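Before any comments, here is the structure.
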Amino acid sequence: MPADTDINAQITLILGGTRSGKSSFAQKLAEQSGNQLVYIATAEAFDEEMANRIDRHQQDRGPAWQTVEESRDLAAAIAAHSAHGTTVLIDCLTIWLSNLMLAEADIAAAQDALGKALTEAPGPIILVSNEVGSGIVPESALGRRFRDESGWMNQTVAAIADSVTLITAGLPLWLKQA
């Protein structure tokens, strides 16, 4: 990790496309904090392939990490697990958003609660999210809504984040630094 990475930012947003290296970058950043490590997983294993992905991520993290599974109420998970001396890594916001959409939840209210939880968290928070706006226009109305909601969500979190990094081909591009 380059020396100019701000591992002490309070709120860090890591963006990138599929298989860009964003999750591993975020994990290394959290591990460099020297803090206790909490991983808030938003994915649910609805099929065997997703269960295998979740297992692979857990093995990559190793025993130093406490894993908390929370697919919808991120604000409550942050409030319960953020503390001085603890770095919380949330992976990932776009899966969280799709969970909310499929549950027909109030997305605006959930994002407001997330923003409040982030700004009130006593310890550092690292969030991972997909940058989906650079791809093709989705064919379905649901796909287009997801793309739009994801873009607005990323803008909202980036605005309150101290540090924002875009990962492409495993390489970081710093968009905002504390």
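Overview of results
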{"quantity": "Dipole moment magnitude, nearest 20 debye, the chain about Cα centre, only Lys, Arg, Asp, Glu C-beta charged", "calculated": "400 debye"}
{"quantity": "Relative contact order, percent, the stretch 4-65 [alpha-carbon distance under 8 Å, six or more residues apart]", "calculated": "28 percent"}
{"quantity": "Inter-label distance for Ala79 and Asp106, nm, one decimal - labels placed 7 Å from Cα along Cα-to-Cβ", "calculated": "1.5 nm"}
{"quantity": "0 to 90° range, to nearest 10: angle between helix 107-120 axis and the chain longest Cα axis", "calculated": "10 degrees"}
{"quantity": "Folded to 0 to 90 degrees: helix 48-61 orientation relative to the chain principal axis, Cα", "calculated": "20 degrees"}
{"quantity": "Selected from Gln155, Gln111, Gln27 as most flexible by GNM, with the chain as the system and alpha-carbon contacts under 10 Å", "calculated": "Gln155"}
{"quantity": "Nearest-0.05 FRET efficiency for Thr119 and Gln66, computed from C-beta distance (R0 25 Å)", "calculated": "0.65"}
{"quantity": "Residue-span extension gain [Trp174 to Ile160] - 0.36 nm each, minus C-alpha spacing", "calculated": "3.5 nm"}
{"quantity": "Residue-count net charge about Glu149 - beta-carbon cut-off 15 Å; Lys, Arg +1, Asp, Glu -1", "calculated": "-1"}
{"quantity": "Other-chain or far-sequence residues with amide H under 5 Å of Leu13's (modelled H)", "calculated": "Leu127, Ser163, Val164, Thr165"}
{"quantity": "Gain upon complete extension [Lys28, Ala51; 0.36 nm per residue less C-alpha separation]", "calculated": "6.0 nm"}
{"quantity": "Å² of accessible area per residue within the chain, as computed with a 1.4 Å probe and no ligands counted", "calculated": "51 Å²"}
{"quantity": "Sulfur and carbon atoms: percent of accessible area, the stretch 67-178 [1.4 Å]", "calculated": "56 percent"}
{"quantity": "Stretchable slack from Arg147 to Glu44, in nm (0.36 nm times residue separation minus alpha-carbon distance)", "calculated": "35.1 nm"}
{"quantity": "Of Asp47, Asp60, Asp162, the one that fluctuates the most in a GNM where the chain has Cα springs shorter than 10 Å", "calculated": "Asp47"}
{"quantity": "Crossing angle, helix 22-31 versus the chain [Cα axis fit, 0-90 degrees, rounded to tens]", "calculated": "30 degrees"}
{"quantity": "GluC sites (Glu not before Pro) restricted to the stretch 72-136 and DSSP loop, no more than 16 other C-beta within 10 Å", "calculated": "Glu104"}
{"quantity": "The chain - Kirkwood radius from inverse mean 1/r over Cα pairs (Å)", "calculated": "16.3 Å"}
{"quantity": "Charged-residue dipole, Cβ positions (Lys, Arg, Asp, Glu), the stretch 73-178 about Cα centre, Debye nearest 20", "calculated": "220 debye"}
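The values are calculated or read from the model by the stated rules, or taken from the named source; none is laboratory data. None of the values given here were measured: they were computed from a predicted structure. Methodologically, a virtual Cβ is constructed for each residue, glycine included, from the backbone with ideal geometry; neighbour enumeration extends over all protein chains shown. Note: areas computed on protein heavy atoms with side chains; ligands, DNA, RNA excluded. Shrake-Rupley method; radii C 1.70, N 1.55, O 1.52, S 1.80 Å.
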